[in-house]
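Heads up: the structure comes next, in structure tokens.
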Amino acid sequence: MERKPGPVGGASLFSMKDREYGDTMPQKCPHIPHVFKVIERMPESLIAIMDALPYLLQGSMVTLVVVVGAMGLGFALGAPLAAGQVYGHPALRRFIAVYVWFFRGIPLLVFLFLFYFGLCTAFDINLSAFAVAIIVLGLISSAYQSQIFRGAILSLPEGQFKAARALGMSDFKAISFIILPQALRLSIPGWSNEYSILLKDSAVTYALGVAEIMARAHFVATRTYQHLPLYFAAGVIFLVLTWVGTKGLRLLEERARIPGYSPKGL
Amino acid sequence: MTAPILRIENISKRYGKKDVLKGASFDVLKGDLKILIGPSGAGKSTLLQCINFLVKPDEGRIWLDEQEVHYAHKRDLCAYRQKVGMIFQDFNLFDHLTALENVRIGMVRVKGMGKAEAGERAVMELERVGLREHMQKYPAQLSGGQKQRVSIARALAMDPKVMLLDEPTSALDPELIGEVHAVIRDLGNNGMTMIMATHQIGFASSLASEIVFMEDGRILERGTPDKIFNHAENARTREFCSKITELYGERG
């Protein structure tokens with residue numbers, strides 16, 4: 001093999017094949033060439049990301065609808081579940097405990113398949129993958145959210161409920177107008193946690209073919225062989241969505257704060 | 001003889017094996033101020049909470065205006081509680097509502113009054129307890145004495161026939177007790193029927209129509225302030241009264 005003094009015309013800057021380092025090349029570190037390979041392909045990667053970006057961003061809208069829908073469903077079920085578990089009849093409390101155990105105990109993927117391929121086929125229910133994703137994520141989230149709210153309800157002084165009853169409120173009114181408005185305010189920090197968990201869990205629904213971020217990244221990656229840039233872009237989009245959502249919930253927490261009630265943090 | 005506005009008969013309550021109340025009975029006439037005294041754990045607070053069924057008595061019956069209260073019927077119970085105002089030792093204002101909203105919420109959510117009408121009445125009640133200028137504040141922004149006055153306004157807004165006061169000044173700094181006592185005194189002068197548990201015997205003796213001494217879940221002795229504090233028959237009553245006079249100063 002003929003020795004050459006450096007990169008030759010036609011050969012790319014960092015390509016090892018065309019470059020001769022002689023004895024200075026540390027042969028024992030085979031990963032170093034890979035690093036160069038990645039850097040070398042950066043322009044190409046950027047182009048791949050730019051090309052796919054509009055398509056991925058459309059997916060982020062789908063992701064957001066799934067997450068917001070699931071959070072809404074989880075809230076609508078979780079708040080009454082929490083109240084029922086704290087104040088309900090013993091039989092109701094036991095039922096709710098089983099409900100929570102059930103929905104927290106089964107992996108999301110199993111649940112999605114069970115519902116979509118299993119139940120929907122067996123009972124001939126015509127639901128889109130998108131709808132199933134929202135329902136399943138919402139049901140699971142309701143179990144988690146109910147426990148966030150339950151903790152908040154239990155942290156309220158007992159006197160709040162007593163005072164409401166002493167005014168002549170029924171238990172239902174006391175819970176609706178006195179207990180939940182306070183408990184939900186206290187729940188917002190735990191709730192923003194639930195948002196980021198749901199956001200990430202929503203990626204699993206790609207297995208049903210929901211056209212969210214992950215599904216689209218996977219679709220483009222397998223066709224263009226640009227795996228690294230596309231999954232990287234998907235990850236960054238998830239990071240941004242997490243940041244935006246958590247920030248938004250922090251603002252909500254700020255707005256819902258009762259003057260003088262909760263200690264002002266940083 | 002006029003019929004009692006509130007009649008309590010043989011109220012008993014057990015927590016596990018412990019008898020907290022062993023058959024307490026008394027009648028309350030309209031305009032009465034009945035004061036419950038006795039050591040901690042005597043059952044004063046449990047008795048008050050049994051009267052509006054915040055604690056369910058194991059035995060006993062209660063009549064309001066000669067109508068027996070059927071507390072197992074939820075609707076009857078809620079209607080009854082509207083007529084019996086309750087003041088707690090630790091105020092129990094609703095922390096997420098302003099003073100005004102605290103007073104208004106019962107009228108709006110329980111009595112079904114319009115917000116505007118209820119709001120006007122709430123301002124009136126707050127004015128009566130001297131807190132008109134604080135009506136937009138939240139409980140956490142009020143002093144203990146102010147909170148207790150808001151809670152009294154909240155109870156009054158429901159037009160109660162009887163008020164139950166469970167050591168209303170026990171959680172207050174000595175400096176703040178006076179403002180709450182002034183409100184209660186004013187209520188008494190206006191003919192409100194009240195049952196109050198308290199250790200403030202100076203205040204009690206100047207206002208009470210009857211003092212009820214309780215110990216160990218029983219009513220040991222009852223009578224006018226003069227009788228209980230100066231000529232008590234029961235040795236235990238005399239002992240308690242002399243101790244508490246030492247602690248809470250001269251009566252006046």
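Of all beta bridges DSSP finds with both residues in chain B, what is the antiparallel percent, to the nearest 5?
Numbers: 20 of 37 bridges.
Looking only at bridges with both residues in chain B, the antiparallel portion is about 55 percent.
When only the Cβ of Lys, Arg, Asp and Glu is charged (+1, +1, -1, -1), the dipole of the stretch A:81-205 relative to its Cα centre reaches about 400 debye. Counting only other chain Cβ atoms within 10 Å of each residue's Cβ, the peptide B:85-97 averages 5.
Which order do B:CYS50, A:CYS120 fall in if you start with the one that has the fewest other Cβ atoms within 10 Å? Don't skip to the answer; put the middle values down first.
Working: B:CYS50 24, A:CYS120 17.
Exposure proxy ranking, most exposed first: A:CYS120, B:CYS50.
Taking 31 Å as the cut-off for C-alpha to C-alpha distance, list the pairs among A:LYS173/B:LYS147; A:LYS162/B:LYS137; A:LYS162/B:LYS30; A:LYS162/B:LYS34; B:LYS147/B:LYS227; B:LYS44/B:LYS147 that go past it.
Numbers: A:LYS173/B:LYS147 23 Å; A:LYS162/B:LYS137 22 Å; A:LYS162/B:LYS30 26 Å; A:LYS162/B:LYS34 23 Å; B:LYS147/B:LYS227 34 Å; B:LYS44/B:LYS147 22 Å.
Flagged as over cut-off: B:LYS147/B:LYS227.
Over the stretch B:6-248, all Cα pairs binned in 5 Å intervals from 0 give whole-percent P(r) values of 1, 6, 14, 17, 19, 17, 13, 8, 4, 1, 0, 0, listed from short to long.
In terms of the Cα gyration tensor, with a ≥ b ≥ c the square roots of its eigenvalues, is the stretch A:81-205 rounded because a/c is under 1.5, prolate because a/b exceeds b/c, or oblate?
Values: a/c = 2.81, a/b = 2.01, b/c = 1.40.
Because a/c hits 1.5 or more and a/b exceeds b/c, the stretch A:81-205 counts as prolate.
Values of log10 I(q)/I(0) for the stretch A:99-152 across q = 0.21, 0.22, 0.27, 0.29 Å⁻¹ run -0.75, -0.80, -1.03, -1.11, by the Debye formula with one identical scatterer at each alpha carbon and no solvent. Post the alpha-carbon centroid distance, the stretch A:132-160 to the stretch A:33-85, in whole angstrom. Each part's Cα centre sits 24 Å from the other's.
In terms of its C-alpha gyration tensor, the stretch B:84-134 has an oblate overall shape, because the principal axis ratio a/c (a ≥ b ≥ c, square roots of the eigenvalues) is not below 1.5 and a/b does not outweigh b/c.
Explain nothing, just the number: dipole magnitude of the stretch B:6-248 about its Cα centre with +1 on each Lys and Arg Cβ and -1 on each Asp and Glu Cβ, in debye rounded to the nearest 20. Before the final figure, lay out each step's value.
Values: 34 positive and 33 negative charges, 136 e Å.
Dipole size: approximately 660 debye.
Since only A:SER196, B:LEU29, A:ALA133 are under comparison, the one whose Cα sits farthest along the positive direction of the charge dipole of the protein assembly as shown, derived from C-beta charges on Lys, Arg, Asp and Glu, is A:ALA133. For the peptides A:168-177, B:33-42, B:186-195, B:142-151, the ranking by mean Cβ contacts within 10 Å, running from highest to lowest, is B:142-151, B:33-42, A:168-177, B:186-195.
Inter-chain neighbour count for B:105-111: the average number of beta-carbon atoms from partner chains within 10 Å of each residue's beta-carbon is 5. Short to long, the 10 Å bins of the Cα pair-distance histogram for the protein assembly as shown hold 3, 14, 19, 17, 13, 10, 8, 6, 4, 3, 1, 0, 0 percent of all pairs. Ellipticity at 222 nm from helices only: DSSP H runs of n ≥ 4 in the protein assembly as shown, each -39500 (n - 2.57), divided by the residue count, give -17500 deg cm²/dmol.
Can you tell me the dipole magnitude for the protein assembly as shown around its Cα centre, using point charges on the Cβ only (Lys, Arg +1; Asp, Glu -1), in Debye to the nearest 20?
Details: 58 positive and 49 negative charges, 145 e Å.
The calculated dipole for the protein assembly as shown is roughly 700 debye.
If the segment from B:HIS70 to B:MET124 were pulled out straight at 0.36 nm per residue, it would be longer than the present Cα-Cα gap by 16.1 nm.
Take every residue in peptide A:167-175, count the Cβ atoms of other chains within 10 Å of its Cβ, and give the average of those counts. Please list the in-between numbers first.
On the way: counts 18, 16, 7, 6, 2, 1, 4, 1, 0.
Mean inter-chain Cβ contacts per residue within 10 Å come to 6.
Laboratory data are not the source of any read-out in this text; all were calculated from the coordinates shown. Note that the structure is a prediction, hence the values are computed from the model and not measured. FYI the Cβ positions are ideal-geometry reconstructions off the backbone, even for glycines, and counts take in every protein chain you see.
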